1. Using only the alpha-carbon atoms, what does the range 1-62 span along each of its principal axes? Please give whole angstrom values in decreasing order.
2. What does the convex hull of the Cα atoms come to per residue for the range 129-203, in Å³?
3. Highest first, please rank the peptides 190-203, 104-117 by the mean number of other Cβ atoms sitting within 10 Å of their residues.
4. Taking the Cα centre of the range 144-185 as origin, work out the dipole magnitude from +1 charges on Lys and Arg Cβ and -1 charges on Asp and Glu Cβ, in debye rounded to 20.
5. Would you mind checking Lys57/Lys191; Lys57/Lys78; Lys11/Lys216; Lys119/Lys221; Lys68/Lys214; Lys191/Lys216 for any pair whose Cα atoms are more than 21 angstrom apart?
6. Using r as the Cβ-Cβ distance of Glu171 and Thr52, and R0 as 25 Å, what FRET efficiency do you calculate, to the nearest 0.05?
7. Taking a quarter of the surface of the convex hull around the Cα atoms of the range 1-156, what do you get in nm²?
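Laboratory data are not the source of any read-out in this text; all were calculated from the coordinates shown. Just so you know, these numbers come straight off a predicted model, no measurement behind them. Cβ placement follows ideal geometry from the backbone for every residue including glycine, while neighbour counts extend to all protein chains displayed.
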Amino acid sequence: MAAPLELYCWKGDWGLPSVDTDCLTVLAYAKFAGAPLKVHKITNPWRSPTGTLPSLKTTEESTGSLSKPSNIIIHLRKQKYNADYDLSAKEGADTLAFVSLLEEKLLPALIYTHWVDSKNYVDVTRRWYAENIPFPLNFLLPNRIHNQQLERLRLVRGDSTLEPGEQLEKELYHDALECMTLLSQRLGSHKFFFGDSPSSLDAYVFGHLAPLLKVKLPNGKLQQHLNSLDNLRHYCTNILVLYFPSEGGEPPIRKVSVHSDGSDFDSEPHKRRKQILSVLFAMGSMLGYAILMGIVSIQHIRPQAALVGPRHIEEGGEEEEEEEK
């Protein structure tokens, strides 16, 4: 029996099997198509075969590993796991049209909501990634992912000089609201977009809408509109219940930093001490790595020479980021 394909994706939270739109799309499609994947839910993308998430590790040397949702779905179809098998030619064309609509109209607004809106990014997005990515990468990766998402937004919008602002937010949200309304009208009272069986379009729609429905954001303009569209809201909830029953419950109540007495180990002085020790440890690790790799070298000078010139350190380049397993 052939070894199952292995999928690496971001772990879940808020009652979702994954917090990432692309990962949710692939997970949903695999469920719809019945693909027997071995899923690794991780919080360090450098542990995946491609260094990004999602990532599908195939058993074919010619294919290797895949990262984009579209490429992963195409590969699963080649392996006879096709959720679109029963679609007509017209429904196939509609699928392509609606997926393009999602990527052009809804995705930019989702990126802006989670990664660019300052309140949402600081209070929710960056906080989640910093708390879940292993130390010391949690000091580095959230900001790197933020920059990657901003570049992705510029690419989708076709403007390399795009900068956040009220006018951009207004345009993005206007397009996103129209897109969600159109999706709601197309879904109507159906269980899925093409009847009683889910297809790749359902995977894409679920992947884009589920985080918006579940993640609690301080600035929730898009959330409010989605919640007003009852059929889309029930649609996402039903997919969670049917295909991800272990994840579809109510998200756990997050603990608030309340210190009942001075004996709590996580009281403010202890937290401050742990933060300082963490920073010192990270700096020491990076300096030790730089010296070991020859990036930084220390030149020893005889005492007589010290009277003539100052002791100096030669730098050979920038530090490499250390990967944590």
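1. Computed over the Cα atoms, the extents are 36, 27, 16 Å.
2. On the way: hull volume 12.1 nm³, N = 75.
Once divided by residue count, the hull of the range 129-203 is 161 Å³.
3. Values: 190-203: 19.3, 104-117: 21.9.
Final packing ranking: 104-117, 190-203.
4. Values: 5 positive and 8 negative charges, 49 e Å.
Here the size comes out at about 240 debye.
5. On the way: Lys57/Lys191 32 Å; Lys57/Lys78 15 Å; Lys11/Lys216 17 Å; Lys119/Lys221 13 Å; Lys68/Lys214 24 Å; Lys191/Lys216 26 Å.
Over 21 Å apart, Cα to Cα: Lys57/Lys191; Lys68/Lys214; Lys191/Lys216.
6. Details: r = 28 Å, r/R0 = 1.14.
After rounding, the FRET efficiency stands at 0.30.
7. Working: hull surface 42.0 nm².
So the Cα hull casts an average projection of 10.5 nm².
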